[in-house]
Amino acid sequence: MTSTLEAPIVAVTVYPGQARITRRTTVALDAGEQRVAVGGLPLGLQRDSVRVNGRGDATVLGVDVGTQWHPRTPDAAVRELEERVTQLQDALKELQDNVSVEDGRIAVLTTLGRETGAKFAKALAKGKIEPDRIAGLTDSLATQMAETLGRKRELANQETRIKEELAAAERTLTVHRNQSPPDRLAVYVDLTVRTAGTVEIELSYVVNNAQWASTYDIRLADEVLALTWHAEITQSTGEDWPECELALSTARPADTAQIPELSPWYLDRLQPLPPAMPMRSRAGAAAESADFGAPGSVVAAAPMMQAAAAFVPPPPPVVEHGAAATTYKPTRQVAVPADGTAHRTTVAVIDLSADVDHITAPILGVEAFLRAKAVNSSEHTLRPGKASVFHESEFVGTTALDVWSPGEEVELNLGIDDRIRVERELVRRTAGKAVLGGTKRREAEYRIKIGNFGQRKTTVTVLDQIPVSRDDGIVIKDVSCKPEPRKRTDLGELTWEIALEPGRSAEVSVGFRVDVARGVEILGWRE
């Protein structure tokens, strides 16, 4: 006889693309061979990943996985939605019945008014009825008709609201049904109990359609960066995760773990294509392409999961820094339903000292960007993710973080700072011919102005460039820079570092001459 157990989820380890689920339950068993089943498991679990562990005087003989067929979903959320849809459908039918009743009342009042009016008109003409009596009856019919039409309008409004609510419930139900089909898997555990008593059973398995991604809040206050690392967890595995022991791992479990091996890289002579052969029948092609095998052979089923030799105590959950992966245990546990929505928890909060300055490339745009150079002084290797940037409590924009290892220095873009004003203008431009040889000559000079309108001293890195020739007929000469740049490359890149006190400004000028040989048309000139 098989005993069916309820084993709630007690721990979840989320990987970048999968998750390991741990369920645990306690059951009292008699001595001897027993079979217990843990059901309600998602259809998408990886059968080869199923493992059984626990505590007690027992030995596992075998583990198997089977399908449980359900006429209706065992998911409580889906059942609740189905009941809600049924209630709304019944309410809509009742409303439509009430509308039919009011339509009948309107028809009766209309007919009564028409027939009574004709009779009263004849009686009034013959003097057999008083006008006041006709007026009283007419007012009564009009009042009843107005009340009936009012009730019908209210019913129409109720019908609109119920239809909208029904449509929303049906959309939600469709999503849940797609994510959580009615059928489930069950794990059957055969074991030998040496002594009657309580046995704790722990079941773990891996599911797909689950992941976590890193997001960050970067808050700059004075010269300190407060970096808050968040994990956004999403899953559509078919089962909801309650608040439990939650761990986030950077490991990537694979269906088949195989070290890559190189095959020979061959080069061969290109051979002409052979003449086309007559088309074979589809049946003949299928027969030739079929795998060889004995008549009546079938594809082998997946092997039964290896059972543990005996129950051993499960290790306590810890945060591990392994050789190739790291596991984090968040400070706050979160429940993650299987609806594909993101749920956030905090992984770590890190205070980093930073050197803050500004950088601008006015040849591309006159914006000055606030930049921080910071070293990751924590033990964490920060994963790639989107970062929201704040100056004190003000949100200034977003940036992207790449992998940031411990001890590594990175430059962080902290957004545009309008307190640093930058202008770039063309102050001199000439064009003409040289006296000798017909060489064309162009001269240009640019002036860059930088002003610090903030309240703190800063260093502004200014990037500019001069053209670089890729033709012997085009020569760049007489390059002049004031002041001299701190760095100049062979590709024409110029870099200045200018210290600016609050309320002060500075200028940078760049000039050059381009000689173009006779008959050469210049390409790439810009002003």
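See the values below:
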{"quantity": "Residue among Asp490, Asp418 that alone is farther than 21 Å from Val366 by Cβ and outside any strand (DSSP E or B)", "calculated": "Asp490"}
{"quantity": "Filter result (exposed (fewer than 15 other Cβ atoms within 10 Å of the Cβ) and under 22 Å from the mean Cα position of the chain (by Cα)) within the stretch 398-417", "calculated": "Thr398, Ala400, Asp402, Val403"}
{"quantity": "Some residue of the stretch 182-205 being under 30 Å from Glu94 (Cβ atoms) and either surrounded by 14 or more Cβ atoms within 10 Å (Cβ to Cβ) or modelled with pLDDT of 90 or more (or both)", "calculated": "yes"}
{"quantity": "Counted residues, the stretch 152-175 - those being surrounded by 12 or more Cβ atoms within 10 Å (Cβ to Cβ) and polar (S, T, N, Q)", "calculated": "2"}
{"quantity": "Pair list, Cβ < 6 Å and 6+ apart or interchain, from the stretch 441-455 residues that are in contact (Cβ under 8 Å) with a residue 60 or more places away in the chain to residues that are buried (at least 20 other Cβ atoms within 10 Å of the Cβ) and part of a loop (DSSP other than H, G, I, E, B)", "calculated": "Ile448/Pro362"}
{"quantity": "Looking only at the stretch 349-380, and only at residues there that are of a type in the set (S, T, N, Q) and free of Cβ contacts under 8 Å to residues at least 60 places away in the same chain, the one that is nearest to Asn452 (Cα to Cα)", "calculated": "Asn376"}
{"quantity": "Checklist (1) in a strand (DSSP E or B); (2) of a type outside the set (Val, Ile, Thr); (3) farther than 30 Å from Ala372 by Cβ applied to Asp472, failing item", "calculated": "(1)"}
{"quantity": "Selection count, the stretch 340-390, where residues are within 14 Å of Leu463 (Cα to Cα) and not in a strand (DSSP E or B)", "calculated": "7"}
{"quantity": "Residue check for Gly503: on the phi > 0 side of the Ramachandran plot and in the same structural domain as Leu426 (by TED's automatic domain parsing)", "calculated": "yes"}
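The values are calculated or read from the model by the stated rules, or taken from the named source; none is laboratory data. Worth saying up front: this structure is predicted, and the values here are computed from it rather than measured. Neighbour counts are summed over all protein chains in view; Cβ atoms, including those assigned to glycine, are modelled from backbone coordinates with ideal geometry.
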